[in-house]
There are 2 protein chains.
Amino acid sequence: MKIYDWSTGPYPARVRIALAEKNLASRVRFETVNLYKGEHKTPAFLAKNYSGTLPVLELDDGTFIAECTAITEYLDALDGTPTLTGRTPREKGLIHMMSKRAELELLDAISVYFHHATPGLGPDVEIYQNAEWGLRQRDKAVRGMRYFDSVLRGQPFVAGETFSMADITVIGGLIFAGLVKVPVPAECEALLAWYARMQERPSVKHRVTMSEPSV
Amino acid sequence: MKIYDWSTGPYPARVRIALAEKNLASRVRFETVNLYKGEHKTPAFLAKNYSGTLPVLELDDGTFIAECTAITEYLDALDGTPTLTGRTPREKGLIHMMSKRAELELLDAISVYFHHATPGLGPDVEIYQNAEWGLRQRDKAVRGMRYFDSVLRGQPFVAGETFSMADITVIGGLIFAGLVKVPVPAECEALLAWYARMQERPSVKHRVTMSEPSV
């Protein structure tokens, strides 16, 4: 398998964490797509992923799978023992709900803020910006942090009692928030404590260096 | 099970279609939430779904599952025989990718156009609008229609050889596009032919009346 990737990106981080959680990193080659050069918006890349986003998984038969949730579904199903996307109907429903909510209310909101209300990837890549929309999305993301804090006051993980894809999506959101300097409010103690725990997980801690050849 | 619903809404349509495809409609009670009165933005409803959107599934144990993809995962897994969300890793990956792409590039874009660049649900509900953003999302949705047309020139269904959740999401997009009068370009012949076929499926055809008591 091959992954089109940007090693420090928050969305690529989601798939890197999933790969490590599933012990699949050694089966993947990473190919860097330079976001700051707009390589994800070239016709050659858009033919792989119409939406022009990273990461993209390419299977050995040439099939492209884009979207973190879809890639995670694929990776989690490979060994027949899903640990990230749920086993029972109720688990599947709750994990998908919370992961989607983490996109809507946190990660994607921070991404829109970055691309629309900051210099983003630079003037050659950010050919249209809507600063007012971007700033509103930043505020939405901070509200989202407060929401996830309230969730984590009642349970150890975002979708319940076990680590899942939903935790990975919130981690992606807080990685992106850190990069663009939108801090978690100090009173979100449960969210901050959960994030400290998550950063100690090997899959999260070593996500950037996982693509470097081991010596 | 209970579904918080708006019978003619494009997002509720996705779950109604999934229920009919899975022969589960008779196990569900529908409770109308009046969007035009903003009932989905009241504190009581936000406690059920933080994002304030329809539909929401309430299980008999009181668990709330929001987000169409999550509800569809739940419903599709109930009988142990998934027919909408994929069986193999590759099917799961492709269906989730195409369903997410149909949200990003079509359905959600039309929704943003509706809420931001038209009167939407009226001045009492649409308390903030960004018309420029809304109009750009309309243009994005029309590009999305051309993309799905190109996909359907090569295969009978959105994610491949069989009907899936990805078809349902594109159907939701075209239902919404019809409501807000954003027509499919006439040259999108494959998309239009596919949509005509989809509208003949009983699950799609009878989706609005499925909640009416049979006499």
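Structure data summary
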quantity	calculated
Axis-proximal residue, chain A, for the rotation superposing A on B (Cβ, Å)	A:Trp133, 2
Karplus-derived 3J(HN,Hα), 6.51/-1.76/1.60, for each residue of the range B:48-59, Hz, glycine and proline x	7, 9, 3, 7, x, 10, 9, x, 10, 9, 10, 7
Per residue, the convex hull volume that the Cα atoms of the protein assembly as shown enclose (Å³)	146 Å³
Position B:Glu126, label points 7 Å along Cα→Cβ, spacing to each other copy in nm (shortest first, one decimal)	2.8
Per residue accessible area of the range A:89-202, 1.4 Å probe, in Å²	41 Å²
Area buried, chain A against chain B - accessible surface, total, 1.4 angstrom probe, square angstrom	3500 Å²
Alpha-carbon spread of the range A:22-68, three principal axes, descending order, Å	31, 21, 16
Estimated FRET transfer efficiency (B:Glu126, B:Met1; beta-carbon r; R0 30 Å; 0.05)	0.45
Inter-part distance where the range A:94-110 and the range A:156-180 are each reduced to a Cα centre, Å	9 Å
Other-copy label distances relative to B:Glu161, 7 angstrom Cα-Cβ extension, nm	4.1
Inter-site label distance for A:Thr118 and B:Glu31 at 7 Å from Cα along Cβ, in nm	4.1 nm
Simple label model, 7 Å out from Cα along Cβ direction - B:Glu200 to A:Glu187, nm	6.0 nm
Shielded residues, the range A:108-134 - accessible-area loss of 30 Å² or more between chain alone and all protein chains, probe 1.4 Å	A:Tyr128, A:Asn130, A:Glu132, A:Trp133
Label geometry 7 Å along the beta-carbon vector: B:Glu200 inter-copy distances in nm	6.1
Protein accessible area in the range A:66-208, 1.4 Å probe - carbon and sulfur %	55 percent
Cα-based reach from A:Lys48 at 17 Å (exclusive), listing lysines while leaving out same-chain residues under 8 positions away	A:Lys2, B:Lys100
Reduction of at least 20 Å² in accessible surface, 1.4 Å probe, comparing all protein chains with the chain by itself, residues of the range A:69-88	A:Ala70, A:Glu73, A:Tyr74, A:Ala77
Karplus-derived 3J(HN,Hα), 6.51/-1.76/1.60, for each residue of the range B:91-101, Hz, glycine and proline x	4, 4, x, 5, 5, 5, 4, 5, 5, 5, 5
Whole-number D in µm²/s for chain A (Stokes-Einstein; Kirkwood sum over Cα pairs; 20 °C, 1.002 mPa s)	121 µm²/s
Exposure rule at most 12 other beta-carbon atoms within 10 Å, DSSP loop GluC sites (Glu not before Pro): chain B longest free segment	B:1-160
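The values are calculated or read from the model by the stated rules, or taken from the named source; none is laboratory data. Everything numeric here is computed off the predicted structure, so don't read it as measured data. Note that each Cβ is placed from the backbone with ideal geometry, even for glycine, and that neighbours are counted across all protein chains shown. Surface areas here come from the heavy atoms of the whole protein model, side chains and all, with no ligands, DNA or RNA. Shrake-Rupley method; radii C 1.70, N 1.55, O 1.52, S 1.80 Å.
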